[in-house]
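Down below is the structure, laid out as structure tokens.
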Amino acid sequence: MHVTFFLEQLMEQGAVKRCGRGRPRLRSLRLVGDKGYTGRRIRNYLRRRGIRLTIPRLSNELRRGP
């Protein structure tokens with residue numbers, strides 16, 4: 001299986017608890033990952049869902065945009 005498949009599954013079913021009362025959010029505001037999550041498919045998936053990301057790039061990757 002590919003990392004993207006597992007990330008998409010986790011993001012679809014995961015809920016984020018709130019500090020106080022109320023229903024858990026179904027979409028995170030930000031995702032922090034390691035270099036294993038640096039692929040273009042993962043970055044595009046998170047951008048489409050409106051999730052900001054903090055993932056370091058590999059040394060052989062070029063920076064493209066924000």
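In table form, for the structure just shown:
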read-out	value
The range 47-66 - residue that is out of contact with any Phe, Trp or Tyr (no Cβ under 9 Å at 6 or more places or on another chain) and among the hydrophobic types (A, V, I, L, M, F, W, C) and, of those, farthest from PHE5 (Cα to Cα)	LEU62
Leading residue by the ranking (farthest from the chain's Cα centre (by Cα)) among those in the range 1-27 that are farther than 18 Å from ARG49 by Cβ and of a type in the set (D, E, K, R)	ARG21
In the range 3-54, the residues that are at pLDDT 80 or above, polar (S, T, N, Q) and in contact with a Lys or Arg (Cβ under 8 Å, 6 or more places away or on another chain)	THR54
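The values are calculated or read from the model by the stated rules, or taken from the named source; none is laboratory data. These numbers were taken from a predicted model, which means no experiment stands behind them. All Cβ positions, even for glycine, are placed from backbone atoms using ideal geometry, and neighbour counts span all protein chains on display.
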